[in-house]
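A short reminder: the numbers here are calculations on the coordinates, not readings from a lab. Predicted model, so just to flag it, every value in this text is computed and none were measured. Cβ sites come from the backbone with ideal geometry, for glycine too, and all protein chains shown count toward neighbours.
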Amino acid sequence: LYPDDTTGVGKELRLKQEYFFTAASLADILRRFEGEHDDLRLLPEKVAIQLNDTHPAIAGPELVRLLHDTRGLPFEEAMDLATRTLNYTNHTLLPEALETWSEDLMGRLLPRHLEIIGRIDEAHAKANPSRKVAVLGDGRVHMGELCFVMAHRVNGVSALHTELMKETVFADLHRLHPERIVAETNGVTPRRWLLSCNPRLSGLITEAIGDGWVDDLERLEELEPLVSDSGFMERYAAAKRANKAELARWLAATQGVAVDPDAMFDVQIKRIHEYKRQHMNILEAIALWQEMRDAPEAGWTPRVKIFAGKAAPGYVLAKQIIRLINDAAAVINADPLTRDKLKVVFLPNYNVSLAEKLIPAADLSEQISTAGKEASGTGNMKFALNGAPTIGTLDGANVEIRERVGAENFFLFGMTAEEVMERRKVKDHAKKAISADPRLSAAIGAIRDGVFSPEEPGRYANIVDNISGPDYFLVASDFTDYWRAQREVDAAYRDADGWARMAALNTARSGWFSSDRTIREYARDIWFRNGADT
Ligand SMILES: *Cc1c(COP(=O)(O)O)cnc(C)c1O
């Protein structure tokens, strides 16, 4: 799945995979439906299909094909039934992630579907004569538009992302269909992301409030009064300390790195992408290392910066970021001046099993995407639930997490989505930010001069040029405020009781981020309304 689609054969394989799985699913759904019902007009009332991103977008034309070509319904009726059965969840506003297919490739692999897409486009245009929106245009099929046009409900995955969908990618379609877009903030399952991955904390919670939280996560709010109970708070802190000691033993045994379990465990684990800004995090680590070397005896808060994440196979810059983190870790971890204050660890092969080991042991959750780019995030929810406060931007579900856990239990920094759009228009915004911050220019200078790649000083020219030039993701412009927030984190962590209280309040106030709540909302707002006229 998901082959490297930077090549023609990769693209073709991807479209074949998408069609194969979608067609198989629809064939199965219709087989089961026809086993129970003999009237295809009942389909929207009996079946709800959720398109998870644009990858199964071909479901629209495929369902029309099944109903029209193979079952003999008139085209308009087939399209109406399909549209009232399908719904679409959008997961990203990044233009490069919204799939389009060339009409050439689509016409060669799926000629009948291309014809049907043409008729869908025409029918939508006829029903909406004021429209400016085309599924087909500039020789390509636009899968986001196709999903929108063929869906009864279209949803974003956080409040902010849903509003930005209405204002940006789907602005024209939203004006035509103002009732179609709804917000469904993501959630995570408490069975995996607390009960099973963190037995020490879940045992303590169950002793305190019973086990009702396991399938009713908002009952975690019953923990709130216990943050003033010193006996409970001692046990809460002890559970985190034991999780950290266990992770430290695992890191020593499997990765050969020694870390102090009393140091702050600062964790950024997620796919590697420029918008997630792992490079801003490693720049901060480099700047911190330089500052520690200048004043090794100052009262530093010891930190272990843990990274993990995979890059897409064709994403060269993301792979260079992984290499830079590894190179910087090797130099920083070997420095006898700073060794007991700062460690950087990059763990390979990030997956769910590794996430289940790291999250219960985390003190700090890094959620530092460029505002407006992270649709929701779910890692952010897992950390908050397990008592790791967030350092983050006002992006995706961070906004809602901060509202629920309280601004005083969240380390906010950076530009808002609106400010980001304005800043991009400022000429030389990156150069200006770099020359205004000596720490940032020193950190970038060290990378440029080959401090972390002495055998090949130009190795990171690509990253350096990007951050100091176009810097679309505004690493340079957000760095200074990120540094400020990190020093606030340092100070807060030195107050162990205050930190534990902040962590426990994150746990107590994260119950709303259960996927049980999310699924209930999909059922109420989307699936039970399938087949309705509006
Ligand atoms: C939760 C999770 C993610 C999503 O993380 P974000 O920080 O929201 O991007 C990705 N990969 C794995 C393995 C996860 O468990």
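Quick notes on this one:
- Distance from the range 350-370 to the range 295-313 (C-alpha centre basis), Å: 13
- Neighbour net charge for GLY450 - beta-carbon separation under 11 angstrom, K R +1, D E -1: -2
- Karplus-derived 3J(HN,Hα) values for the range 143-155, using 6.51 cos²θ - 1.76 cosθ + 1.60 with θ = phi - 60°, are 6, x, 4, 4, 4, 4, 5, 9, 10, 6, 10, 10, 10 Hz; glycine and proline are entered as x.
- Helical contribution to [θ] at 222 nm, DSSP H n ≥ 4, -39,500 (n - 2.57), averaged over the chain, rounded to 500: -15500 deg cm²/dmol
- Loop-located GluC sites (Glu not before Pro) in the range 446-526 (DSSP state other than H, G, I, E, B) with a sparse environment of at most 14 neighbouring Cβ atoms within 10 Å: GLU455.
- Taking one quarter of the surface of the convex hull spanned by the alpha-carbon atoms of the chain gives a direction-averaged projected area of 26.5 nm².
- Taking θ as phi - 60° and the Karplus parameters 6.51, -1.76 and 1.60, the scalar couplings of the range 47-56 work out to 10, 10, 10, 10, 7, 8, 6, 7, 4, x Hz in sequence order, x denoting glycine and proline.
- Based on the Stokes-Einstein relation at 37 °C and a viscosity of 0.692 mPa s, and on the Kirkwood radius from alpha carbon pairs, the range 332-434 is assigned a translational diffusion coefficient of 208 µm²/s.
- Translational diffusion of the range 1-96, estimated by Stokes-Einstein from the Kirkwood radius over alpha carbon pairs at 37 °C in a medium of 0.692 mPa s, is 226 µm² per second.
- Mean Kyte hydropathy of 1.0 or more with a Cα span along the axis of at least 20 Å, helices from DSSP in the chain: 316-333
- Cα gyration tensor shape for the range 217-265, rounded if a/c is under 1.5, else prolate or oblate: prolate
- Amide H contacts of VAL188 (H built 1.01 Å from N, in plane; Pro and chain starts excluded): SER514, SER515 sit under 5 Å, all sequence-distant by 5 or more or on other chains.
- What the Cβ-Cβ distance of ARG241 and ASN326 gives, at R0 = 35 Å and to the nearest 0.05, is a FRET efficiency of 0.80.
- Cα-Cα pairs of the range 382-534 separated by more than 19 Å (percent): 67
- Within the range 67-188, DSSP assigns beta bridges of which about 50% are antiparallel (rounded to the nearest 5).
- Loop-resident sites, the range 410-478, for trypsin sites (Lys or Arg not before Pro), counting at most 10 other Cβ within 10 Å (DSSP): LYS425, LYS427
- For PHE346, the residues whose amide H sits under 5 Å from its own are PHE307, ignoring neighbours fewer than 5 places away on the same chain, with H placed 1.01 Å from N.
- Largest first, the three principal axis extents of the alpha carbons in the range 33-160 are 43, 36, 31 Å in whole numbers.
- Bridges between two residues of the chain, per DSSP, are antiparallel at a rate of about 15%.
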